[in-house]
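Presented below is the structure to which this report refers.
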Amino acid sequence: MNLRPATTIALLMVAAVTVARAQNYGVDWSTITGGGGTSTAGVYTVTGTIAQPDAGRLNSSDFTIDGGFWSIVAAIQEPGAPVLSVRVTQTNTVVVSWPMTWPGFVLLENPNVNTTNWVQVAAPPIVVVTSQTTAEKQVVVPTPTGKRFYRLRRP
């Protein structure tokens, strides 16, 4: 088969693009010394231990992994309560938020989701406008050490 140079180059480019799309993501090495948890963003989830000797931030053009001992910060959805969101910021704080259209709820926290020791969060919520038609209540708290669970309740 005798191919022209332009045809050969086009076939090589298609092959290179096909190979680039078929790549799998993976962690080629790890350190296990304690701590750990699950991190989810979009369609990606990492579960395991990324330990203190390798603490810090690893960046690429598409992804970021924060290594070190993780804490668990989670929202517990209560029946009849608005959807509660929890996110960790880049400035070592946690923002707990819920829609402004649900008045009369207070934010509670507990380091153990299986106990009844829920206490009201001391910081009052602030109202943040998120678009021209929506607003939400937000409470900003320092990132906890260990576990911290949040839920909403009517007093």
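Each value in this text was obtained by applying a stated rule to the coordinates, not by laboratory testing. Because the structure is predicted, anything quoted here is derived from the model rather than measured. In this analysis, Cβ positions are derived from the backbone assuming ideal geometry, glycine residues included, and neighbour counts consider all displayed protein chains.
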Neighbour-count order for Lys147, Lys137, fewest beta carbons within 10 angstrom listed first: Lys147, Lys137
Pairwise label distance in nanometres, Val121 with Lys147, each label 7 Å out on the Cα-Cβ vector: 1.9
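Using a Förster radius of 35 Å, what is the FRET efficiency between Asn92 and Asn24 based on their Cβ-Cβ separation? Nearest 0.05, please. Walk me through the numbers on the way to the answer.
Working: r = 33 Å, r/R0 = 0.93.
Efficiency, rounded to the nearest 0.05: 0.60.
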Total charge dipole magnitude, the range 72-153, about the Cα centre, Cβ charges on Lys, Arg, Asp, Glu only, Debye to nearest 20: 100
Label-to-label distance, nm, for residues given as Ser60 and Ala135 (7 Å Cα→Cβ offset): 4.3
